[in-house]
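The values are calculated or read from the model by the stated rules, or taken from the named source; none is laboratory data. The structure displayed is predicted, hence computed values, not measured ones. Note that each Cβ is placed from the backbone with ideal geometry, even for glycine, and that neighbours are counted across all protein chains shown.
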Amino acid sequence: MNAEKQQESPLVIRTLSGSKDISAFWNLLEKGGLSHDREYYERCLERSEMQEMDVILAFLRDSPGGEETVGFCLMNWQPKYALFKKTGIPEIQDLNVLKTYRRRGFGRDILVFCEGFAREKGHQDIGIGVGLDSRFGAAQRLYARMSYIPDGSGVSYDRKQVACGEMRPIDENLCLMMTKPLF
């Protein structure tokens with residue numbers, strides 16, 4: 001899918017396509033302070049080429065110099081989280097909007113795009129994970145407002161369910177996995 005979201009939003013949202021978009025993706029990661037995990041994102045691009053995942057980019061139209069990349073997420077069609085894998089639920093991962101562009105509804109717009117994308121591919125549900133510490137407070141609120149609900153499996157760490165009494169660090173790998181019906 002290389003569809004673009006067109007409505008009142010000042011964003012153009014599309015799947016990554018071509019070297020210009022790859023360049024824009026790396027620049028966005030640099031601006032967002034995420035380039036330290038280059039190997040991870042290189043694997044994501046490889047998985048995108050194998051059609052296991054799509055990189056979704058959000059561009060602000062009519063910026064000085066053309067389109068400016070302001071956010072992204074990964075649409076993982078083959079997630080490693082056991083429940084999503086077992087039930088064929090695609091997972092939205094790594095939703096990020098540059099700090100200077102937050103609180104404008106762009107994260108919501110990216111989610112809506114992903115939901116439509118999954119629906120077009122015939123999926124009835126979509127999943128997402130959210131970190132549990134305060135760094136993820138805005139995302140926790142956004143996902144709740146957008147009708148994502150906990151999947152009922154409790155907390156996961158690195159996409160594996162944490163059993164009662166197990167100890168895990170409170171970091172970006174400690175998540176609550178959530179789902180939303182798409183019908």
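Quick look at the values:
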quantity	calculated
Hey, LEU95 farther than 22 Å from TYR40 by Cβ, of a type outside the set (Gly, Ala, Ser) and touching a helix residue (DSSP H, G or I) at 6+ places or on another chain (Cβ under 7 Å) or not	no
Criterion: among the charged types (D, E, K, R), surrounded by fewer than 12 Cβ atoms within 10 Å (Cβ to Cβ) and part of a helix (DSSP H, G or I) - qualifying residue of ARG108, ARG119, ARG141	ARG141
Residue in segment 119-130 that is β-branched (Val, Ile, Thr) and either farther than 25 Å from MET146 by Cα or in contact with a Lys or Arg (Cβ under 9 Å, 6 or more places away or on another chain) (or both) present	yes
Unique residue being farther than 25 Å from MET177 by Cα, of a type outside the set (Phe, Trp, Tyr) and modelled with pLDDT of 90 or more when the list is GLU49, GLU67	GLU49
Given (1) surrounded by fewer than 16 Cβ atoms within 10 Å (Cβ to Cβ); (2) in contact with a strand residue (DSSP E or B) (Cβ under 6 Å, 6 or more places away or on another chain); (3) modelled with pLDDT under 95, number of the condition CYS164 does not satisfy	(2)
Given (1) within 30 Å of ASN27 (Cβ to Cβ); (2) among the basic types (Lys, Arg); (3) surrounded by fewer than 16 Cβ atoms within 10 Å (Cβ to Cβ); (4) touching a Pro at 6+ places or on another chain (Cβ under 9 Å), number of the condition ARG159 does not satisfy	(3)
Counted residues, segment 22-76 - those being of a type in the set (Phe, Trp, Tyr), closer than 26 Å to ILE89 by Cα and outside any helix (DSSP H, G or I)	1
